[in-house]
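Below is one structure, written out as structure tokens; comments come after it.
The values are calculated or read from the model by the stated rules, or taken from the named source; none is laboratory data. Because the structure is a prediction, the values reported are computed rather than measured. Because the Cβ atoms are built from the backbone with ideal geometry, glycine has one as well, and the counts that use them run over all protein chains shown.
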Amino acid sequence: MLAKVAQGKDDREQAEAFQALSSDQEIDREVQTFTRAVEARFGADSAREIIRASASNKPFKHTSVSESQQDALDAASRLYATARGGERQLTQAVETERLAARQMQGITLKP
């Protein structure tokens, strides 16, 4: 499911894909549970490091994860970064729409 978000060509497509994904309450709950589990397991600092590593196409490594489990960590870190990125892009899209609506409202109002 999160792969559809990652396949978006730009922020707008990714935000739309994440919105469609999160509209299903069961899937949204799973995504939220997964992101909280990653944050609980690795901590807030490492969660931010996961996002930075993903943005630069580098693997995330953690001292508590054995080398044999690195492939699983890579997959989980990509999913985590995609979920957080989708949330951020959706939030930005909503804020952009609100700002545009406020600006249009201000233009149409007469003093």
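Sort out which residues of the range 18-38 are surrounded by fewer than 12 Cβ atoms within 10 Å (Cβ to Cβ) and either in a helix (DSSP H, G or I) or of a type in the set (Val, Ile, Thr) (or both), and write them in order of number. Within the range 18-38, Gln25, Glu26, Arg29, Thr33, Arg36 meet the criteria. Residue by residue through the range 1-17, note down the ones that are among the charged types (D, E, K, R) and either at positive phi or surrounded by 12 or more Cβ atoms within 10 Å (Cβ to Cβ) (or both). Residues satisfying the conditions are Lys4, Asp11, Arg12, Glu13, Glu16.
Can you spot a residue in the range 18-26 that is out of contact with any Lys or Arg (no Cβ under 9 Å at 6 or more places or on another chain) and over 22 Å from Glu97 (Cβ atoms)? Yes, there is a match, as at least one residue in the range 18-26 is out of contact with any Lys or Arg (no Cβ under 9 Å at 6 or more places or on another chain) and over 22 Å from Glu97 (Cβ atoms). Taking the condition part of a helix (DSSP H, G or I) and either of a type in the set (Gly, Ala, Ser) or surrounded by 13 or more Cβ atoms within 10 Å (Cβ to Cβ) (or both), does Gln105 pass? In short, no. The set of residues in the range 1-33 being within 12 Å of the chain's Cα centre (by Cα) and either at pLDDT 90 or above or closer than 13 Å to Ala81 by Cα (or both) consists of Leu2, Ala3, Val5, Ala6, Gln14, Phe18, Val31, Gln32. Does any residue of the range 34-45 turn out to be at pLDDT 90 or above, acidic (Asp, Glu), under 13 Å from Ala81 (Cβ atoms) and over 12 Å from the mean Cα position of the chain (by Cα)? Scanning the range 34-45 turns up at least one residue that is at pLDDT 90 or above, acidic (Asp, Glu), under 13 Å from Ala81 (Cβ atoms) and over 12 Å from the mean Cα position of the chain (by Cα). For Lys58, the conditions (1) part of a loop (DSSP other than H, G, I, E, B); (2) in contact (Cβ under 8 Å) with a residue 12 or more places away in the chain; (3) of a type in the set (Lys, Arg) are fulfilled apart from (2). When each of Thr91, Thr82, Thr96 is tested for being surrounded by fewer than 15 Cβ atoms within 10 Å (Cβ to Cβ), within 12 Å of the chain's Cα centre (by Cα) and within 19 Å of Gln19 (Cα to Cα), the lone residue that passes is Thr91. In the range 46-69, the residue that is farthest from Arg84 (Cα to Cα) out of those that are surrounded by 15 or more Cβ atoms within 10 Å (Cβ to Cβ) and polar (S, T, N, Q) is Ser46.
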